[in-house]
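Single-structure report; data block below.
The values are calculated or read from the model by the stated rules, or taken from the named source; none is laboratory data. Since the structure is predicted, the reported quantities are computational estimates derived from the model, not experimental observations. Here the Cβ positions follow ideal geometry from the backbone for every residue, glycine too, while neighbour counts run over all protein chains shown. The protein model used for the area step is the full one, side chains on, heavy atoms only, and it has no ligands, DNA or RNA in it. Shrake-Rupley method; radii C 1.70, N 1.55, O 1.52, S 1.80 Å.
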Amino acid sequence: MNQLFDAWEKFGDEDKNRLAFVLATARRESMSTFLPIREAPKCLTDEACRERAIGDMLEKRAKKYGKPLRANYALPNKEGNRFYGRGFLQLTFEDNYRKTGRRLGIDLVKDPDKALDPQVAGEVLVRAMLDGWYGSRKPLSFYINGKKIDWINARNNVNPGSPNKPITAAYAMDLAKCLRPAS
């Protein structure tokens, strides 16, 4: 949690509702651990994640959402690296690792596991959500600002197709009630 608050202090703004949604996203995407993790549940190593992501997990997702996957992001690139979800935000796909690495000034394509570093993961989470790097490509302020708080559709900022919008929204509403300015 301290890494998330540090990232918010450095890259965030004064809106406690946006902070609540960022924290809710971290909770949802980290299996409630608030740690930057690998995507596939219970995958502790690259090899285990690789095998799980390549295998039945992606097939199950295709069936669940009723559409073919646009690419198998767990297949290796020519250097042998795989780009399944990592971090607080579950960064996926080689192009997203490349663009994110450029924005942060680090090479995430050469070493995708850098996305698991708590400082890197925290910066990715906060900056990506506030600036609208993924999903709808709209900043979080599009959904949560002084005029409106759209907890459900704020999930579009990261993952427009997510079936977990109500879960993340509930987490965010609970967290918003707990947050108050530091004295």
Farthest toward positive dipole pole in the range 102-181 [+1 Lys/Arg, -1 Asp/Glu at C-beta], among Ala128, Met173, Val109
Met173
Counting only other residues whose beta carbon sits under 15 Å from that of Gln3, what net charge do I get with K and R as +1, D and E as -1?
0
When the C-alpha atoms of the range 76-145 are aligned to their principal axes, what extent does each axis show, in angstrom, from largest down?
42, 22, 18
Sorted by packing (mean other beta-carbon atoms within 10 Å per residue), highest first, where do 17-24, 85-92 land?
85-92, 17-24
So how far apart, in nm, are the two label points at Asp6 and Gln119 if each is 7 Å from Cα heading toward Cβ?
0.7 nm
I'd like the per residue volume of the convex hull spanned by the Cα atoms of the range 136-183, given in cubic angstrom.
80 Å³
In the structure displayed, which of Lys110/Lys147; Lys10/Lys165; Lys138/Lys177 lie more than 32 Å apart, Cα to Cα?
Lys110/Lys147
With the other protein chains left in place, how much accessible area per residue, in square angstrom, belongs to the range 66-183 at a 1.4 angstrom probe?
52 Å²
